[in-house]
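The values are calculated or read from the model by the stated rules, or taken from the named source; none is laboratory data. Small disclaimer: the values here were computed from a predicted structure and weren't measured. Positions of Cβ are generated from backbone atoms using ideal geometry, with glycine treated the same way; all protein chains shown enter the neighbour counts. Heads up: the accessible areas ignore ligands, DNA and RNA and are worked out on the full protein's heavy atoms, side chains in. Shrake-Rupley method; radii C 1.70, N 1.55, O 1.52, S 1.80 Å.
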Amino acid sequence: MFSRQALLRSARTVAPQRAFLGQTRAFAAPAASERVQPPVALFGLDGTYATALTSSLEPTAKGLAALGNVIQKDAKLVTILQAPTLSAADKSAVVAELQKNAGASGETVKNFLATLAENNRLALLPGVCTKFSELMSAARGEVEMVVTSAQPLDNRTLSRLEAAVSKSSYVGAGKKLKVKNTVNPDIVGGLVVEVGDRTIDLSVSSKLAKMNKLLTDTL
């Protein structure tokens, strides 16, 4: 998707970038009464960029989510973003390709990508997408539940888990669960459920480890 030939072809057709904004200011300029207060504090350079994008949450969320999906699906893209020797033409081409493949047409996202390119910080893009997702979850009152299983779980099983955990003390009043299933064959079987900062380990590997410890201590 992001071959060097494609980058160079795009570079010749990309219009000169507008003056880039300061790296810590908002990337859009709504009226003062419309400014959005970040729902959570984020740290690190990628957190600073993510926070600067909160001037227009919902429209920006769509663009950042699309960019995150593009990055996840294209392993070569991460390598390109991390390349320290990209020329100005290459960076312009990368930004153009990102906008095209992610459908990121909003001015906020365009300015954000241009600013990363100007400051040689395109490598921060994956981290910014992740941290902005955290901001959106907080703004929407979502609590992430990560269910780790040895094999992918079907939607019916995930829905049953979501319904059960939603009624528990693990989720605060008025909060919504955001369910994510990750696969880790090392747990052998069973589940590991993480809700916020709490972990429920019901994996076979955990049970085997406890059994081995019990046998070792007994002997």
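Could you give every pair whose Cβ atoms fall below 8 Å, whose first residue belongs to region 90-118 and is free of Cβ contacts under 8 Å to residues at least 24 places away in the same chain and under 21 Å from residue 52 (Cα atoms), and whose second residue is assigned to a loop (DSSP other than H, G, I, E, B) and open to solvent by 10 Å² or more (accessible area, probe 1.4 Å), counting only separations of at least 6 or pairs across chains?
The qualifying pairs are 99/105.
Please determine, by comparing only the residues of region 40-50 that are part of a loop (DSSP other than H, G, I, E, B) and of a type in the set (A, V, I, L, M), which one is least open to solvent (accessible area, probe 1.4 Å). First the steps, then the outcome.
Here is the first cut: in region 40-50, the residues part of a loop (DSSP other than H, G, I, E, B) are 40-44.
Of the ones still in play, those that are also of a type in the set (A, V, I, L, M) are 40-42.
Details: 40: 54, 41: 77, 42: 31 Å².
Across region 40-50, the extreme among qualifying residues is 42.
Considering only region 144-157, state which residues are open to solvent by 30 Å² or more (accessible area, probe 1.4 Å) and within 21 Å of the chain's Cα centre (by Cα). Steps first, answer last, please.
Taking region 144-157 as the starting set, the residues that turn out to be open to solvent by 30 Å² or more (accessible area, probe 1.4 Å) are 144, 151-157.
Within region 144-157, 144, 152 meet the criteria.
If you go through region 203-212 one residue at a time, do you hit one that is under 30 Å from residue 58 (Cβ atoms), in a helix (DSSP H, G or I) and open to solvent by less than 50 Å² (accessible area, probe 1.4 Å)? Reasoning before the result, please.
Initially, region 203-212 is screened for residues under 30 Å from residue 58 (Cβ atoms), giving none.
Within region 203-212, none of the residues are under 30 Å from residue 58 (Cβ atoms), in a helix (DSSP H, G or I) and open to solvent by less than 50 Å² (accessible area, probe 1.4 Å).
Tell me which residues, restricted to region 171-186, are under 15 Å from residue 141 (Cβ atoms) and assigned to a loop (DSSP other than H, G, I, E, B).
171, 172, 173, 174, 175, listed by residue number.
From the set of residues in region 107-138 that are of a type in the set (Lys, Arg) and part of a helix (DSSP H, G or I), which is nearest to residue 72 (Cα to Cα)?
Keep residues of region 107-138 that are of a type in the set (Lys, Arg), which gives 110, 121, 131.
Those left that are additionally part of a helix (DSSP H, G or I): 110, 131.
On the way: 110: 20, 131: 15 Å.
Among them, the one singled out is 131.
I'd like the full set of residues that are within 15 Å of residue 125 (Cβ to Cβ) and either in contact with a His (Cβ under 7 Å, 6 or more places away or on another chain) or open to solvent by 50 Å² or more (accessible area, probe 1.4 Å) (or both), limited to region 51-77.
65, 69, 72, 73, 75, 76 - these are the residues of region 51-77 that are within 15 Å of residue 125 (Cβ to Cβ) and either in contact with a His (Cβ under 7 Å, 6 or more places away or on another chain) or open to solvent by 50 Å² or more (accessible area, probe 1.4 Å) (or both).
Identify, please: which residue in region 87-104 is part of a loop (DSSP other than H, G, I, E, B) and touching a helix residue (DSSP H, G or I) at 6+ places or on another chain (Cβ under 7 Å) and is, among those, most open to solvent (accessible area, probe 1.4 Å)?
If we filter region 87-104 for residues that are part of a loop (DSSP other than H, G, I, E, B), which is where we start, we get 87, 103-104.
Now narrow it down to the ones that are touching a helix residue (DSSP H, G or I) at 6+ places or on another chain (Cβ under 7 Å): 103-104.
On the way: 103: 57, 104: 5 Å².
For region 87-104, the residue satisfying everything is 103.
When region 159-191 is examined, which residues are found to be open to solvent by less than 30 Å² (accessible area, probe 1.4 Å) and either at pLDDT 90 or above or in contact with a helix residue (DSSP H, G or I) (Cβ under 6 Å, 6 or more places away or on another chain) (or both)? Walk me through how you get there before you give the answer.
First pass over region 159-191, keeping only residues open to solvent by less than 30 Å² (accessible area, probe 1.4 Å): 165, 171, 177, 187, 189.
Those that are open to solvent by less than 30 Å² (accessible area, probe 1.4 Å) and either at pLDDT 90 or above or in contact with a helix residue (DSSP H, G or I) (Cβ under 6 Å, 6 or more places away or on another chain) (or both): 177, 187, 189.
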